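For reference, the structure is listed below as structure tokens.
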Amino acid sequence: MTRYHRTPGLRNRLQAMSCLAGVVCIAAWPEFPAAAATQAAATAHHPTPATAPVARPQTTTPRSAEDISVVSSRQALNGGGGMMRLETAPHTVQTVAKEYIEMRAPTSTALDLIKNLPSVSVSTPDTAGMQGGMIQVRGLTDLDMGLMIDGAPAAAAKYMAEDIDSENLEEVNVTPGSSATDLPVMSAAGGVMDERSHTASHKFGGLMDFSYGTNNLSREFLRLESGDIGNSGVRSYISFSHTHNRPWMGAGANDRQHLDFSVQKDWENGSTAKVFLSWNNEDFIIDNYPTAQEFYKYKHTGTGYGRTADPTSDNYWKNNNDHWNQVFLTAPLHLVLPARFSFDLQPYFSFGQGWDASPGNPIDNGAGGPYTGPNLTNFFLQNSTRQVGAVAKLGYRIDPHNEVSAGYWYENTYTLQSYPSGQTNPDGTPPSPWELYKTTAPYGQDAGYELHSLFVQDNAKYLHDKLVIHAGFKFVMANSWTADPYSRYNTNTTEPLPQLSIGYTFNEHHQIYVNAEGDYRQPSAVDMGWLPTSPNFLKNQYSIKEELGYRYHDKYIIADVALFNYNVTNRIVNQYVGMNSFSPFSIGNQTMRGFDVMVAGRSIHGFSPYASVEYLHATQDSDVLDPYSNTLIHSKGTQAVMAPRVMANFGLTYTYKGFFANGNVHYTGPQSVSVAGDQRMPGFVTDTLSLGYHFSPFLFAKSPTFRLNFTNLTGSIVRTGAMGVVYSAKDLNSHPVWSGNLAPYAGYGNSFMVEPRFSMTGTISTAF
């Protein structure tokens with residue numbers, strides 16, 4: 001964490017900084033009278049900061065040029081050491097702030113950071129930040145969520161680390177079950193997770209850190225800030241990181257290179273323009289997600305199920321590799337126009353290309369024995385995965401209490417994927433998938449959709465801003481298609497998405513709110529690439545959701561209680577089919593209702609506690625046909641899949657002078673992982689610990705800091721999530737099961753993510 005020190009005689013060392021999402025630090029700087037305009041620009045541009053009050057400059061007696069006054073709202077808005085933020089939006093918002101992010105390891109992804117929010121249960125496959133993971137939220141999953149960076153669609157949860165480094169995160173907020181009318185999201189039944197990127201500093205400088213830890217982890221990060229470039233109002237930063245480690249189970253090595261770049265321009269009238277660009281290149285070992293049988297074998301005997309170091313084995317780690325290049329770009333623009341008009345434009349673009357290699361040997365030779373021929377490699381080759389879109393919005397302030405806006409959202413998504421296979425190289429490495437694609441002309445598919453959407457919304461504030469009303473309506477029109485080399489099929493769908501939110505603040509301590517909206521999910525382009533090429537597209541999933549909430553805060557605590565009810569039709573779930581890929585299918589209707597409670601204490605003698613709990617009653621409302629056994633599963637009335645009844649968290653932060661510490665414990669209750677309810681996963685506990693010290697500035701190092709981060713302190717061997725949904729535990733697993741040098745064999749039921757073993761990461765860092 002960067003710390004600022006006031007030194008006698010030091011002049012002009014602090015300047016105004018706008019912190020995203022309402023975390024605003026304001027420095028009184030005589031040389032920059034336009035600081036307030038810059039702050040207004042940041043507030044006007046992002047809808048999320050309106051959920052928190054903004055600190056105002058405080059003027060008392062005249063000051064000389066030597067006097068510096070800093071008014072910071074960061075601590076006032078946060079509780080639990082940054083694990084909870086004071087919110088005022090008329091819907092549920094759960095946020096982790098920079099204060100908490102800076103205590104965690106730099107290898108933390110956004111999913112690692114939100115693990116202790118009440119509405120989510122998060123599974124992550126590694127501790128090095130190479131991959132993301134999976135989210136369960138109020139009986140739904142991350143596939144039902146809009147995952148965003150600065151309000152633009154980002155990578156899937158499994159690959160969250162591809163788009164931004166944690167050092168460049170200002171905050172991560174989750175709005176479970178809710179999405180703004182003007183957000184470009186097509187799958188928001190489970191809500192939205194939005195990562196807010198670092199705002200370039202007004203001063204030249206930067207940040208650097210180095211981490212080393214368990215599993216041969218090494219990571220280096222450097223960010224350079226341009227500061228204000230002359231009098232242009234332009235500032236920027238660029239950062240680069242490199243991470244290398246080995247998997248926590250089995251043989252192999254992972255490597256990641258990542259670059260973030262941002263440039264921002266502010267105008268005195270409040271207009272802003274920003275560009276955020278990232279590039280990611282990664283090679284990591286595809287985890288061997290175990291069946292229940294493999295997991296219990298590991299738990300009881302210590303026999304692992306990872307990849308092997310034997311190059312003669314089809315399960316050799318180099319023959320199980322994910323190679324991927326990803327580019328992500330968003331460029332939000334906010335213009336303040338004459339006559340009370342404003343205009344917002346947010347274009348976005350992402351492009352990825354790469355492949356997953358996996359063992360290709362058959363389970364047996366037809367006579368019950370192991371395969372004896374040359375080893376084979378199968379590929380999931382994505383020649384191109386592209387997403388491009390833009391949101392344009394025109395706003396008009398009718399009067400001081402009422403602002404109306406209307407807009408248009410366009411998105412085009414496309415994937416070209418194929419499945420070549422060939423003989424593994426003699427040294428155990430995979431052959432070139434590109435050459436196989438050219439020479440063998442394998443079966444493949446391309447799929448995608450084109451989306452047009454119109455929306456209108458009104459935001460009103462009355463009774464001295466105590467009463468806040470948001471009403472919006474979005475109408476989505478989509479053309480989806482999937483094709484193979486011989487045929488092409490498409491379908492047109494429309495979805496109406498209304499929203500009404502009302503919040504009322506009784507006084508400075510109490511607020512109530514209600515929120516009701518409709519959201520939907522259609523299969524993604526990659527999902528549709530796995531669908532059979534026939535006119536039988538899956539119907540869009542549609543959700544109707546209601547929330548009732550209450551908030552309280554004073555100088556000691558921040559508390560938030562939310563009751564929710566969801567009715568979901570045409571529920572779409574995914575089955576894991578290996579190679580980091582999933583196939584969608586529908587399981588009918590579901591109902592989910594329950595409540596969330598969050599409580600956080602402000603710092604008292606350096607201690608800041610945090611606690612949260614969710615109770616969820618989720619039921620399956622339909623019987624489902626199992627196509628593997630051709631039998632009807634009588635699932636109506638049973639507990640919905642991947643919907644634990646209870647989740648709970650406790651955290652405690654302590655700071656004293658330069659020392660800081662944070663500990664967290666998370667509990668997820670038992671859950672069903674099959675539609676038939678015949679396979680369940682027991683409840684589990686995970687934990688983390690952070691310790692560190694901020695040293696005094698030394699030479700160029702403004703904030704030298706050392707920290708240690710620990711995960712899975714007790715070394716628990718637990719499953720933290722199912723890889724997807726299966727019809728029944730009795731059905732054959734959808735892909736061969738591997739374990740070290742053993743021949744592949746048939747498994748049954750679901751596959752799981754397992755909590756990585758105990759890990760420790762040490763980091764030294766400083767701003768300069």
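So which residues in region 216-230 are outside any strand (DSSP E or B), surrounded by fewer than 18 Cβ atoms within 10 Å (Cβ to Cβ) and of a type in the set (S, T, N, Q), if there are any at all? Matches in region 216-230: 216 only.
Conditions (1) buried (at least 23 other Cβ atoms within 10 Å of the Cβ); (2) basic (Lys, Arg); (3) outside any loop (DSSP other than H, G, I, E, B); (4) in contact (Cβ under 8 Å) with a residue 60 or more places away in the chain, marked per residue:
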site	(1), (2), (3), (4)
130	yes, no, no, yes
135	yes, no, yes, no
143	yes, no, yes, yes
146	yes, no, yes, no
161	yes, no, yes, yes
164	yes, no, no, yes
167	no, no, yes, yes
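Within region 76-109, restricting attention to residues that are of a type in the set (Asp, Glu) and open to solvent by 10 Å² or more (accessible area, probe 1.4 Å), the residue that is farthest from residue 604 (Cα to Cα) is 102. Scanning region 333-350 for residues that are within 23 Å of the chain's Cα centre (by Cα), crowded, with 21+ Cβ neighbours inside 10 Å and either in a loop (DSSP other than H, G, I, E, B) or not aromatic (Phe, Trp, Tyr) (or both) yields 346, 350. Among the residues that make up region 627-647, is at least one of them closer than 23 Å to residue 78 by Cα and open to solvent by 50 Å² or more (accessible area, probe 1.4 Å)? No, that holds for no residue. When residue 438 is tested against the conditions (1) open to solvent by 70 Å² or more (accessible area, probe 1.4 Å); (2) in a strand (DSSP E or B); (3) out of contact with any Asp or Glu (no Cβ under 7 Å at 6 or more places or on another chain); (4) not aliphatic (A, V, I, L, M), the lone failure is (2). Return yes or no: is residue 312 among the β-branched types (Val, Ile, Thr), farther than 15 Å from residue 358 by Cβ and surrounded by fewer than 16 Cβ atoms within 10 Å (Cβ to Cβ)? When the stated conditions are applied, residue 312 passes them. If you go through region 266-307 and pick out every residue that is surrounded by fewer than 19 Cβ atoms within 10 Å (Cβ to Cβ) and more than 27 Å from the chain's Cα centre (by Cα), you end up with 13.
Take residue 470 and decide whether it is out of contact with any Lys or Arg (no Cβ under 7 Å at 6 or more places or on another chain), closer than 21 Å to residue 189 by Cβ, open to solvent by 30 Å² or more (accessible area, probe 1.4 Å) and part of a strand (DSSP E or B). Here the answer is no, as residue 470 does not meet what is asked.
Yes/no per residue for (1) closer than 19 Å to residue 297 by Cα; (2) of a type in the set (A, V, I, L, M); (3) crowded, with 19+ Cβ neighbours inside 10 Å:
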residue	(1), (2), (3)
680	yes, no, no
701	no, yes, no
708	no, yes, no
761	no, no, yes
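Apart from one condition, residue 748 fits all of (1) closer than 25 Å to residue 671 by Cβ; (2) buried (at least 19 other Cβ atoms within 10 Å of the Cβ); the exception is (2).
Among the residues of region 371-393, write down those that are exposed (fewer than 15 other Cβ atoms within 10 Å of the Cβ) and either farther than 26 Å from residue 447 by Cα or hydrophobic (A, V, I, L, M, F, W, C) (or both).
Taking region 371-393 and keeping what is exposed (fewer than 15 other Cβ atoms within 10 Å of the Cβ), we get 372-374, 384.
Answer for region 371-393, where residues must be exposed (fewer than 15 other Cβ atoms within 10 Å of the Cβ) and either farther than 26 Å from residue 447 by Cα or hydrophobic (A, V, I, L, M, F, W, C) (or both): 372, 373, 374.
Residues that are in contact with a Leu (Cβ under 7 Å, 6 or more places away or on another chain) and free of Cβ contacts under 8 Å to residues at least 24 places away in the same chain are absent from region 564-586 altogether.
Exactly one of (1) in a loop (DSSP other than H, G, I, E, B); (2) buried (at least 24 other Cβ atoms within 10 Å of the Cβ) is unmet by residue 174. Its number? Of everything listed in (1) in a loop (DSSP other than H, G, I, E, B); (2) buried (at least 24 other Cβ atoms within 10 Å of the Cβ), residue 174 misses just condition (1). Going by the conditions given, is residue 703 in contact with a Lys or Arg (Cβ under 8 Å, 6 or more places away or on another chain), assigned to a loop (DSSP other than H, G, I, E, B) and not β-branched (Val, Ile, Thr)? Yes. Residue 255 falls short of the stated requirement of being touching a Lys or Arg at 6+ places or on another chain (Cβ under 8 Å) and either of a type in the set (Val, Ile, Thr) or open to solvent by 20 Å² or more (accessible area, probe 1.4 Å) (or both).
When restricted to residues that are part of a loop (DSSP other than H, G, I, E, B), open to solvent by 30 Å² or more (accessible area, probe 1.4 Å) and either closer than 18 Å to residue 520 by Cβ or touching a His at 6+ places or on another chain (Cβ under 7 Å) (or both), region 561-586 contains 1.
Among the conditions (1) under 15 Å from the mean Cα position of the chain (by Cα); (2) open to solvent by less than 10 Å² (accessible area, probe 1.4 Å), residue 200 misses just one, which is (1). Whether a residue is assigned to a strand (DSSP E or B), among the charged types (D, E, K, R), touching a Gly at 6+ places or on another chain (Cβ under 9 Å) and open to solvent by 20 Å² or more (accessible area, probe 1.4 Å) was assessed, and residue 322 does not pass this test. Checking each residue in region 138-164 for being within 22 Å of residue 641 (Cα to Cα) and in contact with a Leu (Cβ under 9 Å, 6 or more places away or on another chain) picks out 138, 139, 142, 146, 156, 157. Residues in region 149-159 that are assigned to a loop (DSSP other than H, G, I, E, B) and open to solvent by less than 10 Å² (accessible area, probe 1.4 Å): 150, 151.
Starting from residues that are outside any loop (DSSP other than H, G, I, E, B) and open to solvent by 30 Å² or more (accessible area, probe 1.4 Å), keep the ones in region 711-745 and report whichever is nearest to residue 359 (Cα to Cα).
Here the answer is 745.
When restricted to residues that are in a strand (DSSP E or B) and open to solvent by less than 50 Å² (accessible area, probe 1.4 Å), region 587-612 contains 13.
Restricting attention to region 110-128, the residues being open to solvent by less than 10 Å² (accessible area, probe 1.4 Å) and part of a loop (DSSP other than H, G, I, E, B) number 7.
The values are calculated or read from the model by the stated rules, or taken from the named source; none is laboratory data. Quantities reported herein were computed from a predicted structural model and do not represent experimental measurements. All Cβ positions, even for glycine, are placed from backbone atoms using ideal geometry, and neighbour counts span all protein chains on display. Just so you know, the surface numbers come from the protein's heavy atoms only, side chains and all, with ligands and any DNA or RNA stripped out. Shrake-Rupley method; radii C 1.70, N 1.55, O 1.52, S 1.80 Å.
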